[in-house]
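S.K.: The structure is given below, and queries will be raised subsequently.
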Amino acid sequence: MTSLRRGPRGTVRGGAGGRAALTATPLLLAFVSMACPQPSPSTCPTSSAACPMPAPSYDADVGPLIARYCSRCHSPDGGNPRVLLQGYDDVASTSQRGKVLFQLSSCRMPLEGEPQPTAGERELILSWFACCAGGACPR
């Protein structure tokens, strides 16, 4: 099993060859929800998300929330253009998935002072990530 460690800016990285342990998404989600301080109890998840049936879709459920809460800063002209979250391909990419999951589940993103998702919206996004554990995320 690949060990996890925190990299720069709080990102989670895998120990073996720098590969992130993305196949362990449910395990990572459970770890993060238990181990990270939760600065905003009213909107931070208190339990690990599971993939519901039917699974949320990116286009109908998650995409509009990413656009509302993430895309303004995570765009070519935004505050963090190094991490683009402009659509499904950005959010669902295996290189981004672990980073987004960690930042969202630990309530580090969106930054304080920015519009925040409700607890239900945050849980919806996290449950969508739980559905990605088998490989491709639901479109």
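Read-outs throughout are calculated quantities, based only on the coordinates presented, and are distinct from any laboratory measurement. Bear in mind that the values here come from a model prediction, so they are computed numbers and not experimental data. Cβ coordinates were reconstructed from backbone atoms using ideal geometry, including for glycine residues, and neighbour counts include every protein chain displayed.
S.K.: Count, please, the residues in segment 90-105 that happen to be among the charged types (D, E, K, R) and in contact (Cβ under 8 Å) with a residue 40 or more places away in the chain.
M.R.: Of the residues in segment 90-105, 2 are among the charged types (D, E, K, R) and in contact (Cβ under 8 Å) with a residue 40 or more places away in the chain.
S.K.: Within segment 67-90, count every residue that is surrounded by 15 or more Cβ atoms within 10 Å (Cβ to Cβ), among the charged types (D, E, K, R) and either outside any loop (DSSP other than H, G, I, E, B) or within 14 Å of the chain's Cα centre (by Cα) (or both).
M.R.: 1
S.K.: Looking at segment 91-136, which of the residues that are in a loop (DSSP other than H, G, I, E, B) and of a type in the set (D, E, K, R) is surrounded by the most Cβ atoms within 10 Å (Cβ to Cβ)?
M.R.: Arg108
S.K.: Show the residue pairs that are 6+ apart or on different chains and have beta-carbon atoms under 7 Å apart, the first residue being within segment 117-136 and more than 16 Å from Gly98 (Cα to Cα), the second being among the aromatic types (Phe, Trp, Tyr).
M.R.: Pro117/Tyr69
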